[in-house]
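Below is one structure, written out as structure tokens, with a few remarks after it.
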Amino acid sequence: MAAAWQDVVRDAAAVREAAAVAVDAALLAGVLMRTGEQPNASDVVNYAPFTLLPSAVPRALFEQAYAVQQDFNLLVDAVSQNKEFLEQTLASTIKVDDFTARLFTIYKQVLEEGLAQTVFLGINRSDYMFDCGLQGAAALRQIEINTIAASFGGLTSRTADVHRLVLNVLGKSEEASQLLPNNPAKGLALGIAKAWELYGSQRAVVMFLVEDVQRNIFDQRCVENELWNRNIRVVRKRFRDVFEQGSLDASRRLYMDGQEVAVVYYREGYVPQVYDEQNWEARLLLERSRAVKCPDIATQLAGTKKVQQELSRPGTLEKLLPGHPEAIARIRATFAGLYSLDEGEEGDRIAATAIADPDRFVLKPQREGGGNNLYGEELREVLEKIKDSPERTSYILMDKIKPQPALNYLLRAHSPLQVSKCISELGIFGVYVRQGRELVLNQAAGHLLRTKAIEHADGGVAAGVAVLDTPFLV
Ligand code: ADP
Ligand code: MG
């Protein structure tokens, strides 16, 4: 895969020079992150980690990933509206997983009261790796779909410019000219703006629901600023602010200290640690409101690993997307093997297989944000321990995807410049807006390529493992 850059990788002086240019270009382009020491101040910032060289991506798989994105948007939206499916699918999980159970309780509560929300906005990112199977040709395999707080659409809108410059510096202007333009920030903002418009109140704001620790603020600002430039007002609030300042009027319009909120865009809320009782109360208030939640709680549940696993069962897609055989075929073609660990014979059998051959699988709990999955010996140990207890139901098993590694340099502040064997994960952003039952927008909004050294089984950019990259189509 690294064939295009083999000469570069061997030339230490050229690499050093290009790396210095690259880092400054990233700073100039705004590929930025706040520092770990001062995560809530912009006085001193650094560049977000990125690769020196763009990584080779098979063109056919890249195009396949784009071509299936509208189908995935349709599917997530269908799952979010299918109470029976969500109930059945998550029944075993919520018995043992407190976090999913708590989200599910809010989901039920909101449905029982009756939805006040009439406009729905989905922003997701479907992630893939390129599996090199035994047949030789690589295959596109979905890792997961993120339906809440899918990040790096902002920063990645600026990385292609950096890589274009690096290739020019390295004397590869022909290749530089082939790098694709990419602007997810604009696409995400377009979706938010559409939802805001359909909500129908000029005075109302878009509320970014943000973390207490905001290292990745520049990524969010890229989207935020697109909205300001469309004359849409944006406020940044935390769950605690919602608890203290949030209220609903008689028609369940959401107000923050008297200011009406049209859209709530969650960049937070997907890990249990954020929720104390007050924050759960705040979440419930938001979900009960008329405001457009991105995502609403049903769509967050549609993104759980358990739902992903059930979607791969024969016949499930046909039930969820009747009349869409072509979309179903495109979706299914991206699935890796996924297995339920529910109690019973099917679960017993796959648990035994995984214990015998742990390197074939990944064990996944119902968590987001990286660093939660189990691999290899650890997978075996945990599965041994829980194989006869209901606890195993809180996990799913997945075939481990094995991409072909390529050489690259991962540029990180305060880290030595060294060549690493790397693998990449491609994400495609999806955006859709539904008004009542009518889908009024359904698009792929751009891509994200993340690359990590092969030593790390798990983890994304925010987790400090992967870095931003740009696909070079081959
Ligand atoms: P999270 O919600 O924590 O992001 P993911 O399912 O995306 O969970 O897994 C986190 C990381 O683990 C991925 O970015 C990828 O690097 C690795 N990973 C996940 N599933 C697989 C798999 N089936 N095969 C190989 N690597 C995987
Ligand atoms: Mg992930």
Could you please give the count of residues in region 427-465 that are touching a Lys or Arg at 6+ places or on another chain (Cβ under 8 Å) and not small (Gly, Ala, Ser)?
9
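Within region 303-312, is even one residue of a type outside the set (Val, Ile, Thr) and more than 18 Å from Ala91 (Cα to Cα)?
At the first step, the residues of region 303-312 found to be of a type outside the set (Val, Ile, Thr) are 303, 305-306, 308-312.
From what is left, the residues that are more than 18 Å from Ala91 (Cα to Cα) are none.
No: region 303-312 contains no residue that is of a type outside the set (Val, Ile, Thr) and more than 18 Å from Ala91 (Cα to Cα).
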Go through region 315-402 and tell me which helices (runs of 4 or more DSSP H), entirely inside it, have 2 or more residues that are in contact (Cβ under 8 Å) with a residue 40 or more places away in the chain, open to solvent by 20 Å² or more (accessible area, probe 1.4 Å) and not assigned by the TED database to the domain that holds Ser151.
none
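If a residue has to be more than 14 Å from Pro471 (Cα to Cα), open to solvent by less than 30 Å² (accessible area, probe 1.4 Å) and away from ligand 1 (no atom under 16 Å from the Cβ) to count, how many in region 149-165 make the cut?
Let us first name the residues in region 149-165 that are more than 14 Å from Pro471 (Cα to Cα), namely 149-155, 165.
Next, only the ones that are open to solvent by less than 30 Å² (accessible area, probe 1.4 Å) stay: 149-155.
If we keep only those that are away from ligand 1 (no atom under 16 Å from the Cβ) too, we end up with 154-155.
Matching residues across region 149-165 total 2.
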Hey, which of the strands (runs of 3 or more DSSP E) in region 419-472, taking only ones fully inside, have at least 1 residues that are touching a residue at least 60 places away in the same chain (Cβ under 8 Å) and of a type in the set (Lys, Arg)?
419-435, 438-453
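The values are calculated or read from the model by the stated rules, or taken from the named source; none is laboratory data. As the structure is a prediction and not an experimental result, all values here were calculated from the model. Counting neighbours? That spans all protein chains shown, and the Cβs are built from the backbone with ideal geometry, glycine included. In case anyone asks, the SASA skips ligands and DNA or RNA and just uses the protein heavy atoms, side chains included. Shrake-Rupley method; radii C 1.70, N 1.55, O 1.52, S 1.80 Å.
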